[in-house]
Structure formats: C-alpha cells, structure tokens
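Q: Handing you a structure now.
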Amino acid sequence: MAMKHILTGFKVLDFTHVLAGPAATRLMVEMGAEVIKVEFPPLGDMSRALPTIVDGRSAYYVQQNRGKKSLCVNLKTEEGKALIYDLIRQVDVVIENFAPGVAARLGIGWEKVHELNPRVVMCSISAFGQQGPLSSLPGFDYIAQAYAGVTGMIGEPDAAPSLPMLGLGDVTTGVHAAAAIGYALLHRERGGEGQYLDISLLDSYFHCHEINVALYGLTGRVPTRAGHHHYAVCPLGLFKHGERYVCIIALDPQWQSLCSAMGQPALGKDERYDSNAKRVERASEVIALVQAWVDKQTSVESIVELLAEYHVPCAPVMSIAEVCNMPHMIERGTVRRISDPKLGEFTVPGMPLRFSGFTHEASLEGAYLGHHNEEVLRAMLGLSSERIEALRTAGVLHANPGT
C-alpha cells in the first residue's frame, strides 16, 4: 500500500495534555502517524475545558488534537493497566508530559516501557526536565519562560516585563520533541535501540537566545529589555505611524538602501552611521532619523510598499483579524478553515511542515472523550465487543460524546 504521508505506519501512544505534548503529536498526526491519545476518566485532557467553548466543545482541544484517536482508560485499575501494557508492546512511540515521577507512579515510566518494548521511543516533556534542582517544581509555559530569562527580555526597559499572548514555549517545546522523536526513530530504523527523550520547556526556551547569553558570557554585560528597538542592531524596531506600528530592519547590507528610500542617500555613507556598531552607539539619533521619515509618510502601507521596492525588510504590525484574512496566509494554508461536528467551521493555524510529496492540509477531526475505545481495542488488541462492553461496565473504559 502506498504511503499516505511521511509517518504513515508509525503508531504513537500519547499520554499528553494541554499544549506542549499535544503540539508534538499534532505534528505527528498531520504527518500520517496513528496517534492514540490516552485520556483518564471522568474529564480527560484538561484542555477540553479551555476556551473557546461552544455547546460543551472546546476549540482549544480540537485545534491541538484533530486526527488523534481518543482512548479513555482508568489506569488505576489492573485491567486498565493491562490494556495499556498490551498497547505499549505494539507502538513505536510513547509520549507523556506529566510532572517528573508521575509516569513511573502510574506504571508507565521508562524502565517499564523499555522492558515491555525495547524498540519503543519514549519522550517525556516537562517544565524543567527530569533531573535537576528545579525538576520537582510545578510549571507551565510562562513559568519556564521566566526562569529561562525570556520574560525578562520582553518589554520597555523602565517598565515591568511583558507576557506574549501565545504559547511560544509550549509549541516550541512540542516542535523540539517531535524533532527528537523523528531522529530517534531514524536511529532505531538503522538498527539502534529505542531511546528515552527528556525534553523540557526551560531547555527549549533557553535555546532561543541568539545573542543574549553569548554577550553575557563573553563580556559580563547583562542584556536588558530594550522595548521597541533592539539593543544590538540598529535600526531594528517598531516605528509608530498614527495609531499603527511598522517594523523596520536594516542590517549593514540594507542600511544604504534604507537611506536611499528615505531620500537621504548621503546618510548611508555618513561615517557616523556606516556600520552597525556605530549606529548602535548613536541609536537614539538613528531611531529619530527613521522616525522623522516615517512621520512624513501617508500610511503604513505606503511605507511597506516603498521599502519593499528598495529590498529593505519591513512589515506592518498586524492584528489576528488582519492575519487571518491575509491572502498570502490563506493561499499557503498557514491560516486554514476546518470543520467540526459541533463547532462548525472555524479558523486555525495550518500545518507548518511542508513535504513535496505529501499534502499539508490533511482532513482531520477532533474526537470526543473515549470516541475510539472500541476501534482501538478491537484493531490493536483483538478484543471482542462483549469484552469491551464488560470493561465499560466495570468502569475501566469511559466515554463522553458531549465533549
């Protein structure tokens, strides 16, 4: 049978919830993996209760879990644990994002998983990692962000730090996890054993520092918040026009072009500003020069159009509504419309990974809690309908079509 996608044929047992873990398995299911999402009764993944909720259905849950099969099992029962062990023997990947130590207490820690299936790749996602002084602390995205020195770099220098209103750390960690899983599977397919992967939000966040850490390590200088403009590159920042903002960046190769676009070509050769280092030293002067030019323009659109002609990187600061209706985003499928039986049609981010031989717009639906109990147990473990009904009656299996 021809492959439907790059991961078709791989099976994933997914014990994750909310965002970082589900972000990893969302990418995997988009790439064709069979992802069996194990949820615990009575409520399942806590994201089923997160907004936006319509008729008891969470758009948050659907966005992160489309295409995954929901198996709702009471792992605190011996029969439930036996079902999970039998599934572990058959899958390629086990992934969880409980607090460190919880998986082992549930009987699905790495030692047990590896014993059951030496070829399996297991990935644990946590806020601070499985070992270290912080590992036992509770943590979410913004907590790891604060510890990673990221929050401290966002906002105006003379004001409080700011929080980004999106799941940067969770999603980035999910991508790191998906990459590690893919390479571990490659290693295994080349004859290696299964691997245990310890992926943390803290490590993933800290990995995003491109200048700050090296600056401190080499000079002892502690970088601080710079607000609307970057402290190490000039000009690189946000310039206000009316009630809107435009982002303009001119590294050394673009500085002359920016000056020409501003109608001041001689400024590009001015010895006070002819290198990034000099412009950073005179940042207030450079920013004022660019802002004065921005103030004279008719609109943000005219600024973007003119700078594009001169090949100067520039973009309007856009709202979510503007982005969701942007032709480029729609044409590429970066913004896409999906349909859900309860929620109807709504907009979600599209699949960011593109493969030349496979679609990046798979038609997937979110499952209600326990939606695939019978399908999974029949197909993978060969259980009869009578046996599955007995497990349901005994409280081992649970389902809630209302979610």
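The values are calculated or read from the model by the stated rules, or taken from the named source; none is laboratory data. Because the structure is a prediction, the values reported are computed rather than measured. Using ideal geometry, Cβ is built from the backbone for each residue, glycine included, and neighbour counts are taken over all protein chains shown. We work out accessible area using only protein heavy atoms, side chains counted, and drop any ligands, DNA or RNA first. Shrake-Rupley method; radii C 1.70, N 1.55, O 1.52, S 1.80 Å.
Q: Quick check: net charge around residue 153, other residues with Cβ under 13 Å of its Cβ, Lys/Arg +1 and Asp/Glu -1?
A: Cβ neighbours under 13 Å give a net charge of -1.
Q: How long are the three semi-axes of the equivalent ellipsoid for segment 214-323, computed from the Cα gyration tensor as the root of 5 times each eigenvalue, in whole Å, largest first?
A: 24, 19, 11
Q: Among 196, 256, 51, whose Cα lies farthest out toward the positive end of the dipole of the chain, if unit charges sit on the beta carbon of Lys, Arg (+1) and Asp, Glu (-1)?
A: Selected residue: 196.
Q: Also, quick follow-up: Between 102, 266, 20, whose Cα lies farthest towards the positive end of the dipole of the chain when Lys and Arg beta carbons carry +1 and Asp and Glu beta carbons carry -1, centred on the Cα centre?
A: After comparing all options, I get 102.
Q: May I pose another question? Could you give the size of the charge dipole of segment 89-133 about its Cα centre, using +1 on the Cβ of each K and R and -1 on the Cβ of each D and E, expressed in debye and rounded to the nearest 20?
A: 60
Q: Here is a follow-up. If you project the alpha carbons of segment 177-251 onto their three principal axes, what span does each projection cover, largest first, in Å?
A: 59, 34, 22
Q: Over all directions, the average projected area of the alpha-carbon convex hull for segment 222-262 comes to how many nm²?
A: Its average projected convex-hull area is 3.5 nm².
Q: What figure, in Å² to the nearest 10, do you get for the accessible area of residue 60 with a 1.4 Å probe and non-protein molecules left out?
A: 60
Q: With θ taken as phi - 60° and the coefficients 6.51, -1.76 and 1.60, list the Karplus ³J(HN,Hα) couplings across segment 219-233 in order, rounded to whole Hz; mark glycine and proline as x.
A: Those phi angles translate into 10, x, 6, 9, x, 10, 4, 10, x, 7, 9, 6, 7, 10, 9 Hz.
Q: Name the lysines eligible as straight-distance cross-link partners of residue 240: C-alpha to C-alpha under 29 Å, and not fewer than 8 places from it in the same chain.
A: Within the straight-line limit of under 29 Å, residue 240 reaches these lysines: 269, 278, 296.
Q: Above 37 Å lies some portion of the pair distances; for the chain, what is it as a whole percent of all C-alpha pairs?
A: The share of Cα pairs beyond 37 Å in the chain comes to 36 percent.
Q: Which entries in 37/76; 76/342; 4/112; 68/112; 68/342 show an alpha-carbon gap greater than 26 Å?
A: Beyond 26 Å: 76/342; 4/112.
Q: Which one of 41, 338, 85 has its Cα pushed farthest toward the positive end of the charge dipole of the chain, where Lys and Arg give +1 and Asp and Glu give -1 at the Cβ?
A: 85
Q: How large is Rg/Rh for segment 29-175, to two decimals, with Cα atoms and a Kirkwood Rh?
A: 1.01
Q: Taking the Cα centre as origin and putting +1 on Lys and Arg beta-carbons and -1 on Asp and Glu beta-carbons, what dipole magnitude results for segment 101-171, to the nearest 20 debye?
A: Dipole of segment 101-171, to the nearest 20 debye: 400 debye.
Q: Sticking to Cα atoms, compute the Rg of segment 249-403 to one decimal and its Dmax as the biggest Cα-Cα distance, whole number, in Å.
A: 28.0, 84
Q: Okay, moving on. Which value results when the Cα radius of gyration for segment 260-303 is divided by 2.2 N^0.38 Å?
A: Taking the Cα Rg and dividing by 2.2 N^0.38 Å, one obtains 1.23.
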